[in-house]
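Novice: Here you go, one structure.
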Amino acid sequence: MITTADRLKHTEEYYFSRKLKEVRALAAAGKAIINMGVGSPDLAPPPQVLEALTHSLQDGTAHQYQSYKGLPEMREAMAAFYANNYDVSLDAETEILPLMGSKEGIMHISMAFLNKGDKVLIPNPGYPTYTSVTRLLEAEPLYYDLAEDNNWLPDFSALSEKDLSDVKLMWINYPHMPTGAKAGREDFEKVVAFAKANQILVINDNPYSFILNDEPISILSVDGAKDVALELNSLSKSFNMSGWRVGMLTGAERFINDVLTVKSNMDSGMFYGIQKGAAAVLTEGSVWFAMLNKIYTERRDLVWQLADVLNTTYDKNTSGMFVWAKLPDDCENAEAFIDKILHEKSIFITPGSIFGSQGDGYIRFSLCVPQEKIKEAISRF
């Protein structure tokens, strides 16, 4: 009998992969499903992206294997983007590694630095992929709790009480998903100091900088951060290009080279046209983000109305493309709550519990839904 690897015993199929099968089945049965669960931007990318992609297809090298490090033009655009938007100076040749989305980066970073039995600090609540990748590599998740009364920021007093001797990596994610919490310079300075004191490589997963956030910041803007920190970024949310799968890893050359060693054995480069489109879109700035955030602001106002109808509470001082809402104290658990709404009202909302135990009692609404659909959702109650 052919059996699967032992590592799969500790890893489940991604929640949205499983749940969306159920949602699609309901839609196929005639239910008018409104999907407010997934953060996949529904808006179009800037027009010059498509123009750059189309024009590039006639280039002589467009359909050949590409460099593992990406086109110099794209890396230079990424460096300029960091300089213009975060005031962070990066060497385009040595301190930037283009990725096929941040999710790929999570795996490649983990493969580059983790051995079996190493420990990884993972936020609770947090992105489930941090845990699944850690377990796939037979490392051990060590969760650190984030709490509403601490603005969903790390509690370094509690962290200092943990046995950190085998901890190799620490994942942070600000602006935070799923809560929308923001971190400032002082918060990142504390993270960098903690990482230095404990010789831990910290990675900030930073795809939501420009969504409903007036003060985008990179951890790499903190003095000395490159000694202990890497940052993932992405075009998926900021430029409505989630299907293009374009991300970037930024940081010190020695760390970038370690991850490149893994990546160069895993793929044969990113499609040329996608790289040309990415280089073109990274020239966008404040005008684009203002237009984008006007739409998300209007949608968020409506989602707040829906959250009020459901008798949930929420913090208005958040960022990102989600609304994180707390269920009433006397409510059922989050999964039962959202299943009832799915089957009775044909609206899919994400239960907070999938992001960790600290997400119990919360639900997450996506803003990647047209206004008319959000209004329709409200009208169903």
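The values are calculated or read from the model by the stated rules, or taken from the named source; none is laboratory data. Just so we're clear, the structure is a prediction, and the values are computed from it rather than from any experiment. A quick note on method: Cβ atoms are made from the backbone with ideal geometry, for glycine too, and the neighbour counts reach across all protein chains shown.
Novice: Of all residues in the stretch 45-69 being touching a helix residue (DSSP H, G or I) at 6+ places or on another chain (Cβ under 6 Å) and within 11 Å of Q275 (Cβ to Cβ), which is surrounded by the fewest Cβ atoms within 10 Å (Cβ to Cβ)?
Specialist: A62
Novice: Then there is this: Quick one: which of I374, I341 is under 18 Å from K19 (Cα atoms), aliphatic (A, V, I, L, M) and in a helix (DSSP H, G or I)?
Specialist: I341
Novice: Does the stretch 232-279 hold any residues that are of a type in the set (G, A, S) and more than 14 Å from L71 (Cβ to Cβ), and which are they?
Specialist: S234, S236, S238, S242, G243, G247, G251, A252, S264, S268
Novice: Residues that are part of a helix (DSSP H, G or I), surrounded by fewer than 15 Cβ atoms within 10 Å (Cβ to Cβ), among the hydrophobic types (A, V, I, L, M, F, W, C) and in contact with a Phe, Trp or Tyr (Cβ under 8 Å, 6 or more places away or on another chain): does the stretch 313-334 have at least one? Walk me through how you get there before you give the answer.
Specialist: Just the residues of the stretch 313-334 that are part of a helix (DSSP H, G or I), to begin with: 334.
Narrowing the set further to residues that are surrounded by fewer than 15 Cβ atoms within 10 Å (Cβ to Cβ) leaves none.
Within the stretch 313-334, not a single residue is part of a helix (DSSP H, G or I), surrounded by fewer than 15 Cβ atoms within 10 Å (Cβ to Cβ), among the hydrophobic types (A, V, I, L, M, F, W, C) and in contact with a Phe, Trp or Tyr (Cβ under 8 Å, 6 or more places away or on another chain).
Novice: Quick one: in the stretch 344-358, of everything that is part of a helix (DSSP H, G or I) and either charged (D, E, K, R) or out of contact with any Phe, Trp or Tyr (no Cβ under 9 Å at 6 or more places or on another chain) (or both), which residue is nearest to N35 (Cα to Cα)?
Specialist: Applying the filter and picking the extreme gives K345.
Novice: Output yes when any residue across the stretch 265-272 is out of contact with any strand residue (DSSP E or B) (no Cβ under 7 Å at 6 or more places or on another chain), surrounded by fewer than 22 Cβ atoms within 10 Å (Cβ to Cβ), modelled with pLDDT of 95 or more and part of a loop (DSSP other than H, G, I, E, B), and no when none is.
Specialist: Scanning the stretch 265-272 turns up no residue that is out of contact with any strand residue (DSSP E or B) (no Cβ under 7 Å at 6 or more places or on another chain), surrounded by fewer than 22 Cβ atoms within 10 Å (Cβ to Cβ), modelled with pLDDT of 95 or more and part of a loop (DSSP other than H, G, I, E, B).
Novice: Between a first residue in the stretch 278-298 that is closer than 26 Å to M100 by Cα and a second residue that is acidic (D, E), which pairs have beta carbons less than 6 Å apart while being 6 or more apart in sequence or on different chains?
Specialist: Hits for this filter: A279/E73.
Novice: Among the listed residues L50, L26, L20, identify the single one that is outside the structural domain of E95 (by TED's automatic domain parsing), in contact with a Leu (Cβ under 8 Å, 6 or more places away or on another chain) and not charged (D, E, K, R).
Specialist: Answer to the selection: L26.
Novice: Same structure again: Inspect all residues belonging to the stretch 301-313 and state whether any of them is in contact with a strand residue (DSSP E or B) (Cβ under 9 Å, 6 or more places away or on another chain) and within 23 Å of D205 (Cβ to Cβ).
Specialist: Within the stretch 301-313, none of the residues are in contact with a strand residue (DSSP E or B) (Cβ under 9 Å, 6 or more places away or on another chain) and within 23 Å of D205 (Cβ to Cβ).
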